């Protein structure tokens, strides 16, 4: 028996999933979702370290990253992008993970600077962690600090990745991110936090 | 004020408590004993040195001591504003405890917290002694002492383990 | 206390602390203004509120602590210069010049006059850029987006000047013990004069939209008043202490480099509130523009002088001397990477955009420093949160924070 064009409203989860598959997959609304997501990647106001000066300069009148639709917004519940600027210390890793968990999916992460790649200038410091061990990172930007043109280029690369691999629509269909493994920190990043 | 004038001024203010006075490059260092440090600080404050620029602790494992220096200067006194005086005290390395000078100089409060977490020096009488910058797990390790080793990749050593 | 069990798309959840509002007494609540906040910067402020009035405020810093003091002990003498720059990356020359001065005191070397003037020129360019960054962030805290856009747009003028002079936008790494790394290009004086004229015109526009704006004046006047004696007792630095009536600037008190040959004033205001602190910064930008003009005039008149001491220049091989003659770049010998400095202890201080920075450098004769202690201006200004903020309303917290120009990466080192 072919269930191709019928939706059974018996089990709501199964029905919702079938509806998502049909609407976003078969009827190509997923392309619209991907296109809309690429034009509204809003980063959240989380300043991690000194690359924040170049982050602030990228949204300044000379380089103007708002032309890509990226508006820095105040709360994690209404944004879908984190830009990790620079070094992530052990205290900040807790705040980063909490902010990442609070954001609704589909959500993305850009890691900016040499310190986010592999420690940068502070590679042997006892107080820093590698950000790709805390949150899953999509795009890395080298540089110390990367010039604002590189940050704008990273946003464009992320857009290309979302549209070509249809990351946003597939995430909405499945409910988890299908093209990569989830990242769990090896230890409890918030173990130091005491009320 | 030249460095020799500062030296005579400090010797006059802290009579009877000085273990050693030396002229360093940029400041004048005076070493006092542990039991006299609060009285010495009070006399310096009355002479016009009203704020602390830096609370520095240096670890000498070979001589088994930690030297804590308070670099003080003045805002309201025109002559003394050009001068930095370093009030030093030597603490034994296995049990570094000293009286807190926060009651005399309020500007030393946050910096004494830093010395507490980095070197393990306890300041008796401090109003709020807890770690300032580090997480408690790292503060127990007393990271700025010389026995906490940070390995550095260097051309004289070879490639460190992480990349092998 | 509520804790959230996270079960989102990252797989199974584990317990992370959720949003925290805790009741302390009958009417007092404790909230966290955390690192993810448009008005908090890279730090957390733990605030206890009685209704709308702040009863206690505790700065929880250390979110950007990158262990500069420990790392300087394992690296050779020249390598802490790029390391220490990253503390205040927007003010990079001002923060490395005192460290280089401390090394020069220990080595008994002094830079030639042209190198000193080049250092002062870059320091003043950085001071203007740093104050404009402070205004931009202040605009974000108060919700004045136009100030953010204008300040950052005008800051690009000075960042580009620094890029033409040193090659990098923010991390210049310009001073070395003995001199500077490269000489100034030929067309630089004309660029600098154009930038100075442009900035003087723009400061009048800033006055119209920000400093004389009635909304901003109502938010800043009488807020965060620091009386004169309290300022001296707490040990705060920079424009904050000059707005409280104390005339203290390291360039006047203990002149370093060539500041005693230059002609500039230090603005002092009496009121001690947030508006006075903002006005001090605007006046300091004007004085820095004067210094830039004087430095550029001197450099034009004394062309062709060296930028490193003569004994270092004589030791360079022929190829390095040719590169220096043609392009003005100094190529150091590899021996500089493992140079030894005689044993001693030195203190050197300087005046950054945000205040006075103190370096204590101790050497035991080896290739690496024995101890480098740095006390940055923001580290000394952190007491303002604990002692001045209580008593104000919650909405005054961003106004006070922005007016003292507190920069957490600098404070955490």
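Readers should treat all values here as calculations from the given coordinates under stated rules, not as data from a laboratory. Everything numeric in this text was worked out from a predicted model, so none of it was measured. So basically every Cβ, Gly included, is an ideal-geometry build from the backbone, and we count neighbours across all protein chains shown.
A protection proxy built from the mean count of other Cβ atoms within 10 Å ranks the segments C:375-385, C:121-131, most packed first, as C:121-131, C:375-385.
Neighbouring Cβ atoms from other chains, within 10 Å of the Cβ of residues in A:41-49, number 5 on average. Considering helices alone, the calculated mean residue ellipticity of chain C at 222 nm is -14000 deg cm²/dmol, with DSSP H runs of length four and up weighted by -39500 (n - 2.57) and normalised per residue.
Classify segment A:41-163 from the C-alpha gyration tensor, please: rounded if a/c falls under 1.5, else prolate or oblate depending on whether a/b exceeds b/c. Spell out each step's value before the answer.
On the way: a/c = 1.64, a/b = 1.21, b/c = 1.36.
Note, shape of segment A:41-163 comes out oblate.
For the residues A:115, A:51, A:144, a GNM of chain A with alpha-carbon springs under 10 Å puts the largest fluctuation on A:144. Over chain C, Cα pairs under 8 Å with separation of 6+ residues give a relative contact order of 24 percent. Structural descriptor for segment B:1-133: relative contact order 21 percent, calculated from alpha carbon pairs under 8 angstrom and at least 6 residues apart.
If you average the C-alpha positions of segment C:154-216 and of segment B:1-74 separately, how far apart do those two centres end up, in angstrom? About 41 Å separates the Cα centre of segment C:154-216 from the one of segment B:1-74. Relative to the longest principal axis of the Cα atoms of chain B, the long axis of helix B:3-13 lies at roughly 70 degrees. The convex hull drawn around the Cα atoms of the protein assembly as shown, when projected onto a plane and averaged over every direction, covers 37.2 nm². When each of the peptides B:94-102, C:47-55, C:400-408 is scored by the mean number of other C-beta atoms lying within 10 Å of its residues, the order from highest to lowest reads C:400-408, B:94-102, C:47-55. Distance between the C-alpha centres of segment A:12-57 and segment A:114-144: 24 Å, rounded to the whole angstrom. Computed on segment C:88-230, with alpha-carbon pairs under 8 angstrom and 6+ residues apart, the relative contact order is 26 percent. Rounded to the nearest 10 degrees, the angle from helix B:37-47 to the longest Cα principal axis of chain B is 50 degrees.
Among A:11, A:124, A:80, the largest mean-square fluctuation in a Gaussian network model of chain A (Cα springs under 10 Å) belongs to A:11.
Once you sort the root eigenvalues of the Cα gyration tensor of segment C:178-289 as a ≥ b ≥ c, which label holds: rounded (a/c under 1.5), prolate (a/b larger than b/c) or oblate (the other case)?
Working: a/c = 3.18, a/b = 1.34, b/c = 2.37.
Oblate, since a/c reaches 1.5 and b/c is not below a/b.
With both partners inside the protein assembly as shown, how many of the DSSP beta bridges are antiparallel, as a percent to the nearest 5? Antiparallel bridges make up about 75 percent of those DSSP assigns within the protein assembly as shown.
Looking at the square roots a ≥ b ≥ c of the eigenvalues of the Cα gyration tensor of chain C, which shape do they give, rounded for a/c under 1.5, prolate if a/b is larger than b/c, or oblate? Don't jump to the answer; show the numbers that get you there.
Values: a/c = 2.00, a/b = 1.51, b/c = 1.33.
Prolate shape, in that a/c is at least 1.5 and a/b is the bigger ratio.
Of A:85, A:66, A:164, which is the most mobile in a GNM of chain A whose springs link Cα atoms less than 10 angstrom apart? Result: A:164 has the largest fluctuation of those listed.
Most simply put, chain A has about 15% antiparallel DSSP beta bridges, counting only bridges with both residues inside it. Helix A:29-38 and the long axis of chain A differ in direction by around 10°, with both axes built from C-alpha atoms.
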